[in-house]
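In what follows, a structure is listed as structure tokens, so that the remarks can point back to it.
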């Protein structure tokens, strides 16, 4: 039994059971403790020999019969014939039995009170059951491009010192679809198929070991974010190289593998952002906000330092999805902060009544539309939305109000009763989520600019007339702008997926084709809420307004 195959199976099992594996040297010592008399031999032709365990077999080892479990290479058929082994009568090693007998109970994301008590340094996120209501008749929206800078806190536009990596990466702006918002996140990590990315004549055992180890690495990072373990999160990047043997490190550094690394990291960060996005409109304790803020600020610098010794293509593959993920964290924290401020102003009924009075008395919709929107935009549709749907976002309101000019305004249609305890912040978020589906052919960037321009113009109208509700409308506008930017950035990031190519046709390793190799090597991105490790109760329906008083007393 090849020694690296035993370790890769162990690492694969660790990823399934969500535990951090030992490094190869420590694992080898553990095997000798369990099997004191075990021997090793170096077998194979000169230059390709590997260490094997003598008289040892793996339980449920499917490598002999299951062709789908082993990565394919150029000479797959010949290698499988040469690697076919007879059934062994030697002692067997069952990782499944060991993990089931020694592991702790697995913690699942549920909203019930039967969840195991979380240790003091962890904080599990709430269940992903809350999703914005969306229009079922959603039409695919045109996308836009944006730049994400690696260091937004730098005083100069360009880095002061020369750096080999990119100073910015291209991101996609696309509002999320209902399916993306309602998708249930599976805790299991399934990495993209590595077969199309393998160099020619790659050892299948090395490829399997890299997949197993990287899957375990990604799973541990996702769990670190899920339980807000900051030290463990950054330490996992530092200790990753120690889990790789020298042959696996050489494979990891190959240019052909860099696109696979980027796709794996992108998938990992997608799982992370799905997890933390549940906090966008939730009241969360300061420790979690601090954790997310530190990750957003330090992730790029930490990766650059840890992987500095790796080739440039590996470093770029690591930094691109990390930069986009850090931007999403920053934007989510901005939404969380502005939602707090807007909710405090929108909570009193008299404030919302004043806002509606100023809107009806001071805001001239036609003047705003003709000044702010190009002729190609749907002026009539925008007018209908701004004239009929703004009141519904601010309800409950008085049916009769006095306008600033002294006239009495009476609403002919009574406000619909809200039995769902939905807050104003929740309704505004749902409104922004549904809005792109009503303008399916408008690019995301144009949609954001129109929302910003119309809101600013309405605010100027109220300011010029000395409206009493200026502060309330200003805080609401800031929240709307940040929420729109968050939705467009989130949808674009979640829309990315690994290329689904035919491994026989497009694999650079199998074809040994420079054109295909160039395709595989192509990188580039063309293509902080509060949780506590203290017994805080975070229900999936909790929002800022509904929980404002409770949060003040608890924290």
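The values are calculated or read from the model by the stated rules, or taken from the named source; none is laboratory data. The structure presented is a predicted model; accordingly, all values stated were derived computationally and were not measured. Positions of Cβ are generated from backbone atoms using ideal geometry, with glycine treated the same way; all protein chains shown enter the neighbour counts.
Structure summary
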read-out: Flag if residue 294 is modelled with pLDDT of 95 or more, out of contact with any strand residue (DSSP E or B) (no Cβ under 9 Å at 6 or more places or on another chain), at negative phi and part of a helix (DSSP H, G or I); value: yes
read-out: Failed item, numbered, when residue 403 is tested on (1) in contact with a helix residue (DSSP H, G or I) (Cβ under 7 Å, 6 or more places away or on another chain); (2) buried (at least 18 other Cβ atoms within 10 Å of the Cβ); value: (2)
read-out: Among the residues listed as 186, 179, the single one being surrounded by fewer than 20 Cβ atoms within 10 Å (Cβ to Cβ), assigned to a helix (DSSP H, G or I) and either at negative phi or at pLDDT below 95 (or both); value: 179
read-out: Count of residues meeting criterion [over 19 Å from residue 7 (Cα atoms) and not in a helix (DSSP H, G or I)] in the range 191-211; value: 6
read-out: Set 541, 476, 517: member being within 30 Å of residue 270 (Cα to Cα), modelled with pLDDT under 90 and in a helix (DSSP H, G or I); value: 517
read-out: Output for the range 330-344, where each listed residue is surrounded by 23 or more Cβ atoms within 10 Å (Cβ to Cβ) and either farther than 17 Å from residue 475 by Cβ or touching a strand residue (DSSP E or B) at 6+ places or on another chain (Cβ under 8 Å) (or both); value: 332
read-out: The range 424-451: number of residues that are surrounded by 19 or more Cβ atoms within 10 Å (Cβ to Cβ) and in contact with a strand residue (DSSP E or B) (Cβ under 6 Å, 6 or more places away or on another chain); value: 1
read-out: Verdict on residue 323 being modelled with pLDDT of 95 or more, within 16 Å of the chain's Cα centre (by Cα), buried (at least 20 other Cβ atoms within 10 Å of the Cβ) and in a helix (DSSP H, G or I); value: yes
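Residue-by-condition table, conditions (1) under 28 Å from residue 189 (Cβ atoms); (2) part of a helix (DSSP H, G or I); (3) at pLDDT 60 or above:
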{"residue": "6", "(1), (2), (3)": "yes, yes, yes"}
{"residue": "9", "(1), (2), (3)": "yes, yes, yes"}
{"residue": "14", "(1), (2), (3)": "yes, yes, yes"}
{"residue": "26", "(1), (2), (3)": "yes, yes, yes"}
{"residue": "48", "(1), (2), (3)": "no, no, yes"}
{"residue": "60", "(1), (2), (3)": "yes, no, yes"}
{"residue": "65", "(1), (2), (3)": "yes, no, no"}
{"residue": "79", "(1), (2), (3)": "yes, yes, no"}
